[in-house]
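Presented below is the structure to which this report refers.
All of the numbers you see were taken from the coordinates with simple rules; none came from a lab. What you are looking at is a predicted structure, and each value in this text was computed from that prediction instead of being measured. All Cβ positions, even for glycine, are placed from backbone atoms using ideal geometry, and neighbour counts span all protein chains on display.
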Amino acid sequence: MNEHIFQSLIDNITQLYSVSEKELFNNEKNYESVERRQLFFYLCSKKNIPAVTIQKYLAKKDYNIHHSNILRGINRISTKVEQSEDYQNVISKLEFIGA
């Protein structure tokens with residue numbers, strides 16, 4: 001049901017950051033990789049998609065993550081968005097790229 005929303009958000013992030021979907025959902029723990037994934041989680045949450053649904057969708061793409069990590073990522077980006085106009089601008093771009 002939400003797969004078209006997931007794919008649209010993935011496409012927006014990969015387009016903005018010039019990375020592939022494979023690079024977005026790799027297991028790297030560097031700041032850039034983690035932040036891009038957390039942005040995906042945050043954008044999904046803004047579309048009212050529960051963490052467990054995000055987790056199940058990513059498992060279909062062979063990316064396994066615990067729902068608590070998804071929630072933590074959402075909270076981290078939420079804090080950054082509240083504190084930084086730069087993040088607000090990035091979120092605005094990601095919501096509307098390709099829309």
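Overview of values
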| read-out | value |
| --- | --- |
| Odd one out for LYS46, checked against (1) basic (Lys, Arg); (2) within 19 Å of THR14 (Cβ to Cβ); (3) loosely packed, with under 14 Cβ neighbours inside 10 Å | (3) |
| All helices (runs of 4 or more DSSP H) inside segment 24-99 with 2 or more residues being of a type outside the set (Gly, Ala, Ser), in contact (Cβ under 8 Å) with a residue 40 or more places away in the chain and in contact with a Ser or Thr (Cβ under 6 Å, 6 or more places away or on another chain) | none |
| Meets criteria (under 19 Å from GLU82 (Cβ atoms) and more than 10 Å from the chain's Cα centre (by Cα)) for LYS22 | no |
| Residue tally, condition more than 12 Å from the chain's Cα centre (by Cα) and among the hydrophobic types (A, V, I, L, M, F, W, C), over segment 54-89 | 3 |
| SER8 being touching a residue at least 60 places away in the same chain (Cβ under 8 Å) and assigned to a helix (DSSP H, G or I) | yes |
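Let's see how each residue does on (1) farther than 18 Å from GLU95 by Cβ; (2) touching a helix residue (DSSP H, G or I) at 6+ places or on another chain (Cβ under 8 Å):
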{"residue": "ILE5", "(1), (2)": "no, yes"}
{"residue": "ILE13", "(1), (2)": "no, yes"}
{"residue": "GLU21", "(1), (2)": "yes, yes"}
{"residue": "ASN26", "(1), (2)": "yes, yes"}
{"residue": "SER33", "(1), (2)": "yes, yes"}
{"residue": "SER45", "(1), (2)": "no, yes"}
{"residue": "ALA59", "(1), (2)": "yes, no"}
{"residue": "GLU82", "(1), (2)": "no, no"}
